[in-house]
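One structure is given below, encoded as structure tokens.
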């Protein structure tokens with residue numbers, strides 16, 4: 001097992017060749033990659049900081065053009081947190097059209113498989129697992145990498161993916177969660 005800090009994690013994940021799978025489970029993250037957008041969203045801003053967001057959307061488009069596939073399954077609370085709503089509006093709703101395949105499992109709405117849906121992790125090219133470690137406030141602490149020799153995480157990713165609903169379809173079915181309606 002190898003421990004990675006945030007910089008090493010970015011480099012490690014950026015080396016994927018074919019597929020990158022993300023299991024995301026926390027109700028809130030306190031991460032620098034959001035810039036100040038979460039606070040801006042809370043304050044009522046109408047759109048993200050485009051200079052920052054467009055850099056990420058360009059990465060997603062370029063990866064897709066290279067034939068790489070980035071998947072994400074987001075486990076959501078039955079009553080979405082403000083952070084989850086922000087992530088849907090200013091994150092996933094923009095990332096999905098740019099090339100990231102995103103699906104959701106919402107508690108109380110979807111059957112959530114038991115296999116590894118209780119913690120955050122990545123699966124790199126179907127074989128290397130990156131276990132994410134956060135503190136109680138959702139701040140990244142470190143990541144641990146390990147091989148997946150028995151395919152346990154690969155199987156969990158496939159089960160979660162098959163059980164989850166495509167994000168854009170789910171989001172379209174839930175206009176009551178969109179800030180413009182909910183405020």
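The values are calculated or read from the model by the stated rules, or taken from the named source; none is laboratory data. All figures in this text were calculated on a predicted structure; none of them were measured in a lab. Here Cβ is always computed from backbone atoms with ideal geometry, including for glycine, and neighbour counts include all displayed protein chains.
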Of (1) farther than 28 Å from residue 148 by Cβ; (2) surrounded by 15 or more Cβ atoms within 10 Å (Cβ to Cβ); (3) in contact (Cβ under 8 Å) with a residue 12 or more places away in the chain; (4) more than 18 Å from the chain's Cα centre (by Cα), residue 4 satisfies every one except (1)
So, first residue more than 20 Å from residue 146 (Cα to Cα) in the stretch 9-36, second residue at pLDDT 95 or above and assigned to a helix (DSSP H, G or I), Cβ within less than 7 Å, six or more apart or across chains; the pairs are 27/83; 27/84; 28/83; 29/83
### Message
Can you say whether residue 130 is at pLDDT 95 or above, over 22 Å from residue 38 (Cβ atoms) and crowded, with 17+ Cβ neighbours inside 10 Å, as far as the supplied structure shows?
### Response
yes
In the stretch 140-178, anything within 18 Å of the chain's Cα centre (by Cα), surrounded by fewer than 12 Cβ atoms within 10 Å (Cβ to Cβ) and either touching a residue at least 40 places away in the same chain (Cβ under 8 Å) or not in a helix (DSSP H, G or I) (or both) is listed as 141
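Given 52, 64, 107, which one is without any contact (Cβ under 8 Å) to a residue 24 or more places away in the chain, surrounded by fewer than 16 Cβ atoms within 10 Å (Cβ to Cβ) and out of contact with any strand residue (DSSP E or B) (no Cβ under 6 Å at 6 or more places or on another chain)?
Checking each option against the conditions leaves just 52.
Residues are listed down the side, and each one gets a yes or a no for (1) under 21 Å from residue 39 (Cα atoms); (2) outside any helix (DSSP H, G or I); (3) at pLDDT 95 or above:
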residue	(1), (2), (3)
58	no, no, yes
67	no, yes, yes
75	no, yes, yes
85	yes, no, yes
88	yes, no, yes
93	yes, no, yes
96	no, no, yes
